[in-house]
Structure formats: structure tokens, C-alpha cells
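> Supplied in C-alpha cells, the structure appears directly below.
Where a number appears in this text, it was derived from the coordinates with a stated rule and is not lab data. None of these values were measured; they are calculated from a predicted model. So basically every Cβ, Gly included, is an ideal-geometry build from the backbone, and we count neighbours across all protein chains shown.
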Amino acid sequence: MIQFADAFAWLVDPANWPGPNGITARILEHLWYCLLALVLALVIAMPAGLYIGHTGKGRALAIGLTGALRALPSLGLLTLLAVTMSLGLRLAIVPSTIVLAILAIPPLLAAAYSGVEAVDPDVVDGARASGLNEWQIVGRVEVPLAAPLLVGGLRSAVLQVIATATLSAFLGLGGLGRFILDGQAVADYTRMLGGAILVIALALILDGGILLLQRWLVPSGVSIALGTGRLEGR
Amino acid sequence: MRFDWVADNMGQILMMSWAHVQVSVLPIFLSLLIAVPIAWWAHRQKSARRVLVPISGVLYALPSLPLFVLLPVVLGTRILDPLNLVVALTLYGVALLVRTAVDAFDSVGRIIRDDALAIGHSPRQVFWRVALPLAGPPLLAGTRVVSASTLSLVSVGALIGVPSLGYFFTNGYQRGFPTEIMVGVIGTVVLAVIFDVIIVVAGRLLLPWVRATDRRRG
């Protein structure tokens with residue numbers, strides 16, 4: 001347990017926070033990689049998921065893809081893309097973002113189509129009968145009602161991306177994984193442990209934040225049991 | 001893909017695959033063994049559920065590589081000890097299965113359980129003869145998910161030097177040699193498929209009535 005004390009001393013040492021290799025910069029890098037990948041994943045998964053949920057088409061394909069992706073090792077995908085893409089080694093952010101987005105897509109996709117599917121068909125028919133067109137049904141009825149599940153999917157995706165962005169350090173990128181890998185290279189276990197604590201804290205803080213967002217997003221008057229949307233494995 | 005490399009290094013590929021299997025088998029078994037009683041407890045006691053389900057959610061939120069780094073301090077093991085991986089992967093498996101199993105037990109329903117009690121089953125018999133068999137199919141599905149995610153997570157251990165198919169990722173990257181990485185990826189997927197087939201077959205043997213019902217419906 002003495003190692004924990006050392007790691008906390010490392011964490012609270014003001015000398016370790018500023019500068020390009022400092023903790024502040026590494027946290028910001030970590031969050032930046034995650035944000036890039038999440039935006040890319042949302043742009044792909046949300047329209048696709050809403051379409052599948054609204055029309056019921058392509059569901060089997062989505063389930064199959066999601067299952068297949070689960071078995072793919074993220075570190076393998078990361079290194080393979082880095083080595084095979086022409087820009088992979090010089091611009092490691094490209095393979096890193098692609099892999100992180102690939103990991104974030106299944107939970108977002110699953111949340112989108114299952115959230116829309118879970119909306120009572122009578123409600124959708126009612127909206128149609130009152131003259132809403134299909135776009136309005138999706139935008140004004142299905143998305144708000146599916147919001148808690150959508151945010152649940154976002155929560156899974158964020159956790160997955162925060163965890164895996166740690167591995168991006170292996171491609172020479174920054175982020176909190178740097179402390180773990182650099183610490184290991186010089187057998188500095190204090191730094192490794194400090195880095196590990198930072199990633200775990202970041203994941204738990206974001207997890208808690210999204211959970212609050214999820215509570216807040218339940219449309220008033222709708223009492224759906226809050227599914228937390230853990231629809232996939234890691 | 002350089003097949004001559006694959007042929008020349010078959011010995012090492014098999015050795016790493018075996019190491020991969022060794023680290024993965026125990027967490028899959030243990031998570032089922034640990035998650036089912038926890039879930040049964042959470043299913044029967046509201047107060048236990050309010051604590052256990054969120055805890056499993058938090059466990060599941062822990063990132064893998066940092067957890068591999070953290071566990072040696074908690075367990076008093078060396079950082080290269082495969083035990084760290086086994087414990088971490090078991091935690092993930094339990095976290096994932098507790099939720100599945102609680103839902104599965106919930107879906108069995110009060111009436112069926114009351115019926116079982118009414119015809120003279122003891123609470124213990126209700127668990128073994130009614131609840132567990134009826135919760136079997138979702139538990140089986142959950143175990144398949146745990147198996148696939150465990151097999152793909154084991155390779156992350158390569159970053160801290162625990163041998164597995166993940167070695168081919170780190171080594172292949174350092175040498176800039178895609179074939180080696182492909183071998184690791186394909187090997188992991190092949191192992192995942194083999195494990196999945198074994199779990200499905202075991203499920204058919206343990207839950208023969210599921211197939212019988214399916215056939216009657218189909």
C-alpha cells in the first residue's frame with residue numbers, strides 16, 4: 001500500500017502538473033482524442049441507428065456487426081491500422097481516432113435503434129395521425145422518448161473510448177497512457193500507478209456526470225424505468 | 001500477409017495462443033460462479049440490489065490497462081503476474097453478468113416462484129429447480145458476451161508484458177510488420193469462435209429443454 005502513498009504524492013506534486021508533459025496537458029490530450037472519436041462515431045451511429053429503429057430495416061446487420069466488433073481486440077486493431085495505413089505511423093492520431101470511433105459505434109448504434117424501437121407504436125401512430133411527417137416523428141417524438149437510452153449508449157461509448165485512448169500512447173501519442181508506458185519503460189512504478197489512477201478517476205467522473213445528465217433528460221411526464229443502456233460488452 | 005512467416009513461427013503462435021487460453025478460461029468460469037449468487041441475492045433483496053447493481057456498473061467502468069497496473073498493489077502480486085489479469089477480467093465478467101442475471105431472475109416472475117413454493121419446493125429448490133433453469137438462456141447469452149470480451153481484453157496485457165496473442169500486436173508494431181499483427185487478430189477471433197462454440201454446446205447439454213421448446217415453436 002506504500003505504493004499508493006507514493007502515487008498520491010506524485011499526483012499532488014505541483015511540479016508534475018504544468019508543461020507539455022505535465023498532467024494537465026496529458027488530461028487535455030486524452031479528452032481531445034476521445035472527443036474527436038466520439039464526434040466521428042456519433043455522426044455515423046446516430047443517423048444509422050435512428051433509421052434502423054424507425055424503419056426496422058437492417059436490424060440483423062447491425063446486431064451482427066456489433067457482435068463481431070466485440071471480439072476484435074482493440075490493441076490489435078490499433079497497431080494494425082497504424083502499420084498498414086500510409087499515414088498511420090507519422091500521423092498516429094488518424095488510426096487512433098478511427099479505432100476509438102469503431103469501438104464507440106456499437107453502443108451508440110444499439111442505444112439508438114433499441115431506444116426508438118422501444119417507443120410505443122400507438123404513440124408513433126398517434127403522431128402520424130395528428131399530421132406529423134416522418135422526420136417530425138423521429139425528431140419530436142422518438143428521439144425525446146428514447147433520450148435516456150441514447151444517453152445510456154453515450155455513457156457506454158464514453159467509457160470505452162476513455163479506456164482505449166490509454167492504449168493510443170503505444171502509437172507514440174500523448175494522453176494519460178503516456179504515464180503508464182513511460183513509467184514502465186524506466187521501471188518507475190509510481191508514475192505508472194499515478195497515471196492509472198488518473199485514467200480511472202477520469203472515467204468515473206465522466207460516468208457520474210453522464211448519469212446525472214441521463215436523470216435530467218427524462219422527458220417530464222414520462223416515467224420510463226431508467227435503462228442504463230449497457231447494451232454491449234467490453 | 002506473409003504465410004512463410006506464419007509457418008516458420010507456428011511454434012511461437014501456438015505457445016502464445018495457449019498462454020492466451022490459460023489466462024482467459026478461469027475468468028469466464030469464475031465470473032459465472034460469482035455473478036449468479038450475487039444476482040440471486042440482489043434479485044431477492046431490494047436493499048442489496050440498490051448497492052450491488054451500481055457497484056457492478058462502476059466496476060465495469062474501470063479502464064483495463066490502468067486496472068492491470070493498479071491490481072498488483074491491491075493484491076500484493078508482481079506486475080507481470082498473470083493473476084492480475086485473471087482478477088481484472090473476472091471483475092469485468094462479474095460486473096457484466098450480475099446485471100444480466102438480475103434481469104434474468106426478475107423475468108422469471110413472482111407467480112411462477114409462488115407456484116413452486118405452493119407445490120412444496122423449499123426456497124433452495126426454487127433456486128435450483130425453477131429460477132436457475134428458467135434464467136439459463138439469458139445467462140448463457142451473457143456468458144458468451146463475457147467470453148468474447150475477455151478474449152479480446154487479454155491482449156491488452158501485452159503492454160505490461162504478460163504473454164498472450166497480444167505480444168504479436170506490440171512486437172509487430174515495433175517491427176512495422178503487419179503479418180504478425182494479423183496473426184494476433186485472427187488468432188484472437190479464432191479463439192473467440194472456438195470458445196463460443198464450446199459455450200453454446202455446453203448450454204445445449206445443460207439446458208436441453210431450450211432446444212425442445214424452440215423446436216415445438218418453430
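> Binning every alpha carbon pair distance of the protein assembly as shown at 20 Å from zero, what are the percents per bin?
Result, from short to long distances: 23, 55, 21, 1 percent.
> Let me have the relative contact order for chain B, percent, based on Cα pairs under 8 Å that are six or more residues apart. Display every interim value, and only then the final one.
Details: 230 pairs, mean separation 57.0, N = 218.
Relative contact order comes out at 26 percent.
> Which value, in debye to the nearest 20, gives the size of the charge dipole of the range B:3-217 about its Cα centre, when Lys and Arg are +1 and Asp and Glu are -1 at the Cβ?
Numbers: 17 positive and 10 negative charges, 214 e Å.
That gives the range B:3-217 a dipole magnitude of about 1020 debye.
> Just add up the charged neighbours of A:Ala82: K/R +1, D/E -1, any other residue whose Cβ is under 15 Å from the Cβ of A:Ala82.
+1
> How high is the relative contact order of chain A, in percent, counting Cα pairs under 8 Å that sit 6 or more residues apart?
On the way: 306 pairs, mean separation 62.4, N = 234.
With pairs under 8 Å counted, the relative contact order is 27 percent.
> Relative to the longest principal axis of the C-alpha atoms of chain A, give the angle of the C-alpha long axis of helix A:59-71, reported between 0 and 90° and rounded to the nearest 10°.
It works out to around 10 degrees.
> Another question about this same structure. Let me spell out the model: positive unit charges on the Cβ of Lys and Arg, negative unit charges on the Cβ of Asp and Glu, origin at the Cα centre of chain A. What dipole size does that give, in debye rounded to 20?
260 debye
> Give me the distance in nm between label points sitting 7 Å out from Cα along the Cα-to-Cβ direction at B:Leu206 and A:Leu28, one decimal.
So the label points at B:Leu206 and A:Leu28 sit 5.1 nm apart.
> Any idea what the dipole of the protein assembly as shown comes to, in debye rounded to 20, about its Cα centre with Lys/Arg Cβ at +1 and Asp/Glu Cβ at -1?
Numbers: 31 positive and 23 negative charges, 194 e Å.
That gives a dipole near 940 debye.
> While we're on this one: Find the relative contact order for the range B:10-129 and round it to a whole percent, using C-alpha pairs within less than 8 Å whose residues are 6+ positions apart. Present the calculation step by step, with values, prior to reporting the outcome.
On the way: 90 pairs, mean separation 41.3, N = 120.
Reported relative contact order: 34 percent.
> Using alpha carbon centroids, what distance separates the range B:120-185 and the range B:27-59, in Å?
Taking the Cα centre of each part, the range B:120-185 and the range B:27-59 sit 19 Å apart.
> Then there is this: Over all residues in B:53-64, what is the mean tally of Cβ atoms on other chains that come within 10 Å of each residue's Cβ?
Numbers: counts 1, 2, 0, 1, 6, 4, 0, 6, 15, 9, 17, 8.
The mean count of partner-chain Cβ atoms within 10 Å per residue comes to 6.
> Using only the alpha-carbon atoms, how far is helix A:189-217 inclined from the longest principal axis of chain A? Give it as 0 to 90 degrees, nearest 10.
20 degrees
> Computed FRET efficiency, Cβ-Cβ of A:Asp125 and B:Leu83, R0 51 Å: what is it to the nearest 0.05?
After rounding to 0.05, the efficiency reads 0.35.
> Could you calculate the FRET efficiency of A:Ala185 with B:Val74 from 1/(1 + (r/R0)^6), where r is the beta carbon distance between them and R0 is 30 Å, rounded to 0.05?
On the way: r = 23 Å, r/R0 = 0.78.
Efficiency, rounded to the nearest 0.05: 0.80.
> To one decimal place, what Kirkwood hydrodynamic radius in Å is obtained for the range B:3-217 from all pairs of distinct Cα atoms? Before the final figure, lay out the partial values.
Working: mean 1/r = 0.0525 Å⁻¹.
By the Kirkwood definition, the hydrodynamic radius is 19.0 Å.
> Which of A:Leu132, A:Leu38, A:Leu193 moves the most in a Gaussian network model of chain A with Cα springs under 10 Å?
The residue with the greatest mean-square fluctuation here is A:Leu132.
> What distance in nm separates the two pseudo spin-label positions at A:Asn21 and A:Ala118, each 7 Å out from Cα along the beta-carbon direction?
Rounded to a tenth, the inter-label distance reads 4.7 nm.
> Using Cβ counts within 10 Å as a stand-in for footprinting exposure, how do B:Val86, A:Val39, A:Val83 rank, fewest first? Mind showing how you got there, number by number?
Details: B:Val86 20, A:Val39 13, A:Val83 23.
In increasing order of surrounding Cβ atoms, one gets A:Val39, B:Val86, A:Val83.
> Calculate, axis by axis, the spread of Cα positions in chain A along the three principal axes, and write the results as whole Å, longest axis first.
Principal axes ranked by extent give 67, 41, 28 Å for the Cα atoms.
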